[in-house]
Amino acid sequence: MNFVSVGGAGAHEGFCLIKTAEKKLTAKGVPYLDLVLADNSGEISAKLWDYKESPDNQYNKFDFVKVRGTYVPFNDTMQFRVERIRRVLPEDNVMIEDYVPSACLTGDVMLAEVEKIVDSFKDEELRKLVFAVIEEYRERILYWPAAKNLHHAVRSGLLMHTLSILRLAESVCRIYRFVNYDLLCSGAILHDIAKIEEMDVSSTGIASEYTTKGNLLGHLVMGAINIDRIGRNLGVSDETLMLVEHMLISHHGTPEFGAAKLPMFIEAELLSELDLMDARLYEMRSAVDAVEEGAFTPRQWALENRNLYNHGRAYNGETELINEYGLTVKMGRFAEHMEIYTVLDGPINLVQEY
Ligand SMILES: [Fe+2]
Ligand SMILES: [Fe+2]
């Protein structure tokens, strides 16, 4: 852990993320918190003895905290005995991206890139509609993940997934000239936006649960309802709303995966295919990166139960990209296969490649 020594007597302190938190009782019936704390250097088991629970003194999985305590040997390893703990405050000035699995680029860099694309739309109605939807979710979209467990289940993963689809859409439109770029990009930006209401997410950007509304309606239908409401308030035409709403309710491709309709025009079909492509590539890459070169992954249930092979010839696109743009970045590791890049400066028109 990156804790620093403070005030002698073996005391250390630092910022970390709570990976797990469980309230337990000692043999004498005294409550304590059994924790796993993590930062970008690794994780450690920790105990907060004599825990007095109160509304101001509650700690849960994914809380971002500052702790002070001492390392104590336990069964051939080290444990951390927590003496003081509190939530991280804005004045602490620490970057949460250094402590939780995060997208390669920060949310504000990616949102600026998305907005630049919307600004280039020739279709005034779509421009107005997409900007209004972004405005409604502006604060949360910056850190929202795209999933609870599967693809892009990282801080700012929703924007990372959105931006990847937008860049795929740009390439596709260069080849198939009859595709309506503004319509396809609108679908790309809006297709998963209701995930912001589908999942409960802490301020760390990691999802904990699906909401009741998310379970009962799902982000496809919720997205269409929201877009209809926002569009009607703006006076967007029925025809435009119908096309966008169709893209939303059909983007999972088939009823088996939650689509209410099969995609019934070209931009809807493309959105569904690009969405699937980006999600599957993310999952394949995460699985392959987690095993040694020349090894096979365990069976991947989300990828037809395949064992995937790490051929060891993948390019590290992020590093090349960051070098190309001459950015100053800080790189850390959260887990074995998770690299974290925090962009500290650089041009806003940065593109993300994943
Ligand atoms: Fe989706
Ligand atoms: Fe998606």
Open item on the list: Take Tyr210 and tell me if it is within 15 Å of ligand 1 (Cβ to nearest atom) and either in the same structural domain as Leu150 (by TED's automatic domain parsing) or under 29 Å from Asp119 (Cβ atoms) (or both).
Closed with: yes
Task: Index of the failed condition, Leu216 passing every other in (1) more than 15 Å from ligand 1 (Cβ to nearest atom); (2) at pLDDT 95 or above; (3) in contact with a strand residue (DSSP E or B) (Cβ under 8 Å, 6 or more places away or on another chain) - done: (3)
Open item on the list: I'd like the residue in the stretch 91-117 that is among the acidic types (Asp, Glu) and modelled with pLDDT under 85 and, out of all such residues, is surrounded by the most Cβ atoms within 10 Å (Cβ to Cβ).
Closed with: Glu97
Open item on the list: Exactly one of these conditions fails for Ile249: (1) at pLDDT 95 or above; (2) more than 23 Å from Ser164 (Cβ to Cβ); (3) within 14 Å of ligand 1 (Cβ to nearest atom). Give me its number.
Closed with: (2)
Task: Qualifying residue in the stretch 194-202 (condition: of a type in the set (Lys, Arg) and within 13 Å of ligand 1 (Cβ to nearest atom)) - done: yes
- [ ] Kindly indicate the residue of the stretch 116-137 that is assigned to a helix (DSSP H, G or I) and free of Cβ contacts under 8 Å to residues at least 24 places away in the same chain and also farthest from ligand 2 (Cβ to nearest atom) among those meeting that condition.
- [x] Glu124
Open item on the list: Go through the stretch 131-175 and report how many residues are at negative phi, among the hydroxyl-bearing types (Ser, Thr, Tyr) and buried (at least 19 other Cβ atoms within 10 Å of the Cβ).
Closed with: 3
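The rows are residues; the columns are (1) without any contact (Cβ under 8 Å) to a residue 24 or more places away in the chain; (2) more than 22 Å from Arg127 (Cα to Cα); (3) within 12 Å of ligand 2 (Cβ to nearest atom); (4) buried (at least 21 other Cβ atoms within 10 Å of the Cβ).
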{"position": "His219", "(1), (2), (3), (4)": "no, no, yes, yes"}
{"position": "Arg232", "(1), (2), (3), (4)": "yes, no, no, no"}
{"position": "Met242", "(1), (2), (3), (4)": "yes, no, no, no"}
{"position": "Leu271", "(1), (2), (3), (4)": "no, no, yes, yes"}
{"position": "Asp278", "(1), (2), (3), (4)": "no, yes, yes, yes"}
{"position": "Ala295", "(1), (2), (3), (4)": "yes, yes, no, no"}
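The values are calculated or read from the model by the stated rules, or taken from the named source; none is laboratory data. Note that the structure is predicted; figures quoted are calculated from it, not measured. Here Cβ is always computed from backbone atoms with ideal geometry, including for glycine, and neighbour counts include all displayed protein chains.
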